[in-house]
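One structure below.
The values are calculated or read from the model by the stated rules, or taken from the named source; none is laboratory data. Because the structure is predicted, anything quoted here is derived from the model rather than measured. Reconstructed Cβ throughout: ideal geometry from the backbone, glycine too, with neighbour counts over all protein chains shown.
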Amino acid sequence: VQLQASGGGLVQAGGSLRLSCSDSRRPSSNNAVSWFRQAPGKEREFVATISWNGGSTAYLDSVKDRFTISRDRAKSTVNLQMNSLKPEDTAVYYCAVGRRSYGSRSLADYAYWGQGTLVTVSS
């Protein structure tokens, strides 16, 4: 699995960004894919997950109603649409492929990780 995360950047508070995670080898089509983030000096935390067929999603409470995760299995991509961004959303965002068809919030349940993309939200 070779995961490539992209779409990060600098945005003002209230703005939007769309992150994308592509899997060049496509073996993740039957696995859950999730986004995590890590802010400076903090532990990596779960943000959102989507099941193998896109039928089930879950979010960190603080991003619910602002972020939307989706996947295109044909293109082996998973996107994270982030709206109404806040300065506290500033972090490096990572996508990860789970070991099972449905995702979890535990880092230990993820076998493959992308390199991360930096999101900076200015106030």
Go through the range 110-123 and give me each residue that's part of a loop (DSSP other than H, G, I, E, B) and either touching an Asp or Glu at 6+ places or on another chain (Cβ under 8 Å) or loosely packed, with under 13 Cβ neighbours inside 10 Å (or both).
Q115, S123
Consider only pairs whose beta carbons are under 7 Å apart and that are at least six residues apart or on different chains; among these, list those whose first residue lies in the range 1-17 and is within 20 Å of F36 (Cβ to Cβ) and whose second residue is at pLDDT below 95 and loosely packed, with under 14 Cβ neighbours inside 10 Å.
V1/R25; V1/P27; Q2/S24; Q2/R25; Q4/S24; A5/Q115
Can you work out which of the residues in the range 70-114 that are without any contact (Cβ under 8 Å) to a residue 40 or more places away in the chain and touching a Gly at 6+ places or on another chain (Cβ under 6 Å) is farthest from S29 (Cα to Cα)?
D109
Output for the range 93-109, where each listed residue is among the polar types (S, T, N, Q) and either crowded, with 18+ Cβ neighbours inside 10 Å or within 15 Å of the chain's Cα centre (by Cα) (or both)
S104, S106
